[in-house]
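Just so it is clear, none of the values below were taken in a lab; they were calculated from the coordinates. Keep in mind the model is a prediction, meaning the values are calculated, not measured. Quick reminder, even Gly has a Cβ in these numbers, built from the backbone with ideal geometry, and neighbours come from all protein chains shown.
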Amino acid sequence: MPVAAKVKKCLEGSSWIRKMFEEGDKLRKERGAENIFDFTLGNPTMEPPLELQQELQRIAATPIPGMHRYMNNAGYEETRAAVAEVIAENCALPVSAAHIVMTCGAGAALNVVMKTLLNPGDEVIILSPYFVEYNFYIDNHGGVPVVVPTLPDFQPDVNAIAAAITARTKAIIINSPNNPTGVIYPFAALKELGDLLAQKEQEYGTTIVAISDEPYARISFGEEVPCIFTAITNAVIVTSHSKDLALPGDRIGYLAASPALKNVTLFMQGAVFANRVLGFVNAPALMQRLITRLQRVSVDVAQYRVKRDLLYNKLVELGFEVVKPGGGFYLFPRSPLPDEIEFVRRAQQHGILLVPGSGFGAPGFFRIAYCFEDEMIIRSLPAWEKLAAELGM
Ligand code: PLP
């Protein structure tokens, strides 16, 4: 079979999230969809905001000649300027269209940044629990992931990060609000990390780029999500509208480099080249037009807060140990059984589908994605009660 050994290996160890999703499909057929409570995939059931539908209609009604053609690989100037304007405002820094590359989502932006930065063998620090694709994205470009566990409250452990940095460290990925924990990193934590990176850069004579993966930045339940550029000098934002405009299927996102990033002009040239030669060429033209005027629009975050509270309050009442998420749409409780895979199997018997923490580099926990209808969440609560009772909680 003409499939690379590495890919074959990845397929064999196929993602827990996918595995649980497929299991869910089987159970739905066996038991009826109304008896299955699927919390596995972070694929929001919420529709995009009304403004997006209106903007889509406006664009369709007023076609511009050439709107389906190739463009600059970085994306439309007008779109990049609109994106930059909001970042510049948030960060109080002179971010301009020149610092932006429009991408096919945050996933593509991460790959573009890795390709731009990494030499073979370069190390990239990731903080566990982590979004599992980071491992693959780093490997795609010859990098080596170095996993550093977070503190018990899932905040970055700066001492552990300090111990993990070497002369080969090229970057660190941070993700706040976090998938899978929902935790937001406060400014003080980011500043401490920024100070550490600056100190290590000096010690090794290197540049270490903080890659802030922040597709959930606008899904905060009140806590400030600080601008990474104000805390860390060598920083790049990667993000998308998959979650804040509920557009994951439309593949639109961007990367933004801090104006203070070392050799920022060369980095941007590298990123535009990487976007082209990775085969993305440019982010979808129609999507770029669509989001240009929607930079200050988001899904109704209050609805996610209701969902968080429904589940968080029930879990706490039942005796689960769980860090209260400040944003995003995930919960990451500790498994009441030492083997979380066994716990996930027991939950499955009650129709509750979850993802084991091992899938995020954090055994002993499990992930709940709660980006689903309130009705399904409420309907699941008696099943959670039965599960807890069965486990003697
Ligand atoms: N980063 C994190 C932490 C995510 O949770 C996701 C998607 O779930 C992504 C990146 C990729 O998002 P997209 O490529 O759809 O923008």
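Residues considered: 311, 266. Of these, the only one that is loosely packed, with under 14 Cβ neighbours inside 10 Å and not in a loop (DSSP other than H, G, I, E, B) is 266.
Where in the stretch 13-120 are there helices (runs of 4 or more DSSP H), lying wholly inside it, with at least 2 residues that are more than 16 Å from the ligand (Cβ to nearest atom) and among the basic types (Lys, Arg)?
Values: elements: 16-31, 50-61, 77-91, 105-117.
The helices (runs of 4 or more DSSP H) meeting that bar are 16-31.
Being part of a strand (DSSP E or B), surrounded by 24 or more Cβ atoms within 10 Å (Cβ to Cβ) and more than 9 Å from the ligand (Cβ to nearest atom) is the filter here; which residues of the stretch 211-234 pass it?
Residues of the stretch 211-234 part of a strand (DSSP E or B): 211-213, 220.
Adding the requirement that they be surrounded by 24 or more Cβ atoms within 10 Å (Cβ to Cβ) leaves 211-213.
Answer for the stretch 211-234, where residues must be part of a strand (DSSP E or B), surrounded by 24 or more Cβ atoms within 10 Å (Cβ to Cβ) and more than 9 Å from the ligand (Cβ to nearest atom): 211, 212.
Take the conditions (1) surrounded by fewer than 21 Cβ atoms within 10 Å (Cβ to Cβ); (2) in contact (Cβ under 8 Å) with a residue 40 or more places away in the chain; (3) away from the ligand (no atom under 16 Å from the Cβ); residue 169 misses just one of them, which is (1).
For the stretch 297-329, the set of residues classified as in contact with a Phe, Trp or Tyr (Cβ under 7 Å, 6 or more places away or on another chain) and not hydrophobic (A, V, I, L, M, F, W, C) consists of 304, 305, 307, 308, 314, 324, 326, 327, 328, listed by residue number.
For (1) free of Cβ contacts under 8 Å to residues at least 12 places away in the same chain; (2) buried (at least 20 other Cβ atoms within 10 Å of the Cβ); (3) away from the ligand (no atom under 15 Å from the Cβ), each residue gets a yes or a no:
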| site | (1), (2), (3) |
| --- | --- |
| 125 | no, yes, yes |
| 129 | no, yes, no |
| 132 | no, no, no |
| 135 | yes, no, no |
| 140 | no, no, no |
| 145 | no, no, no |
| 149 | no, no, yes |
| 160 | no, no, yes |
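On the stretch given as the stretch 34-47, residues that are over 15 Å from residue 359 (Cβ atoms) and surrounded by 12 or more Cβ atoms within 10 Å (Cβ to Cβ) total 7. Exactly one residue among 190, 245, 151, 197 is under 29 Å from residue 74 (Cβ atoms), assigned to a loop (DSSP other than H, G, I, E, B) and among the aliphatic types (A, V, I, L, M), and that residue is 245.
Does at least one position in the stretch 1-24 carry a residue that is within 26 Å of residue 387 (Cβ to Cβ), hydroxyl-bearing (Ser, Thr, Tyr) and in contact with an Asp or Glu (Cβ under 8 Å, 6 or more places away or on another chain)? Looking through the stretch 1-24, none of the residues is within 26 Å of residue 387 (Cβ to Cβ), hydroxyl-bearing (Ser, Thr, Tyr) and in contact with an Asp or Glu (Cβ under 8 Å, 6 or more places away or on another chain).
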